[in-house]
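One structure is given here, and the rest of the page talks about it.
Every read-out reported here was derived from the displayed coordinates using simple, explicitly stated rules and does not represent laboratory data. Keep in mind that this is a model prediction, so the values were computed, not measured. Don't worry about glycine lacking a Cβ; one is built from the backbone with ideal geometry, like all the others, and counts go over all protein chains shown.
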Amino acid sequence: MPFASRRYALITPCRDEAQYMRRTLDSVTAQTEPPALWLIVDDGSTDATPQILAEYTARHDWIRVVSKPDRGARAVGPGVIEAFYFGLDRIDTGAFDYICKFDLDLELPHGYFAGLMDKMAANPRLGSCSGKPWFMWKGARVSEKCGSEMSVGMTKFYRVQCFREIGGFVREVMWDAIDCHKSRQLGWQARAFDDEALAFEHLRPMGSSQKSVHTGRMRHGYGQYFMGSSFWFFTASCLFRMAHPPYVTGALASWWGYVRAALGRKPQLPDPALRAFIRAYQIRALLRGKTAAIAEVDAAQSPVWEARAPAHKPA
């Protein structure tokens, strides 16, 4: 049963985004269905970010900016989610049908959010979704090779009910995969769509870091370990990504990040049932492929969703 209302809110953590932010701001203000609210959390910017934001808030009354106390440095992973919650705690999620954790280094097609809401209206089990990102590398458009089974972290578009049921985001690296696995465990579905009309440019490539791309990839490997990923599944994933810039070395950095965390016996996600659920899906994906594995998991978890179906219908 589709939702009649299409009110959505964007929450954007940002810090020192002057290099790219005008392209993002312009692509959101040009949307065929703009957000009811865009709350931007300035996480201690020291460049021209505050001045640029002031220009846009003066023009659009649905853009609001809140300032978070400066932590002294740019933060990724858990730091971004901390800033996201700083914004989320200042809005009434009950006033919206959808919420989106949205980055300030993206350029969207004009019908992006309308397209996502159309997808979700057509499928009541779709808890979160996104398009797929690409970036420019040496003058060429390159896909970030994101799978279809996860909504991507830089634009997490969520049905509010699903976001509440999963308990929101964990404040750790791989928050943007853990949420999708938790959604699926509860019978929801998560998707990134290949539609060209939903493809967007990521102006700062995924897996980069405030230090270097390789530091970002090592952090990703640690995050996979924290999430409880199967060693064999992640190794296969790294082999696949050797053909993705930065060639070979980026994948090796990810793999070493995982192995180093395992050797150091670092803490893992404190949800053993979810870790087991993730590993079971990954082994199934290795044996049968991701598409078949997701279809099987979604079918197996359908009764879990149906048991709570009345709670998913709009008031």
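What the table shows:
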| item | result |
| --- | --- |
| The range 78-135: projected area of the alpha-carbon convex hull, averaged over directions, in nm² | 5.4 nm² |
| Inter-label distance for Ala114 and Thr32, nm, one decimal - labels placed 7 Å from Cα along Cα-to-Cβ | 0.3 nm |
| Estimated vicinal HN-Hα couplings, Hz - the range 125-141 in sequence order (Karplus 6.51, -1.76, 1.60; Gly, Pro = x) | 7, 6, x, 8, 7, 6, x, 10, x, 9, 9, 8, 9, 6, x, 10, 7 |
| Cα pair distances of the chain binned at 10 Å [whole percent] | 6, 27, 36, 25, 7, 0 |
| Ratio Rg/Rh, restricted to the range 213-312 and using Cα atoms, in which Rh is the Kirkwood radius | 1.07 |
| For the range 213-312, size of Cβ-based charge dipole, Lys and Arg +1, Asp and Glu -1, in debye | 380 debye |
| Kirkwood Rh in Å, taken over the range 23-94 so that all alpha-carbon pairs contribute | 13.3 Å |
| Net charge, Glu33 excluded, C-beta distance under 11 Å - Lys, Arg +1, Asp, Glu -1 | +1 |
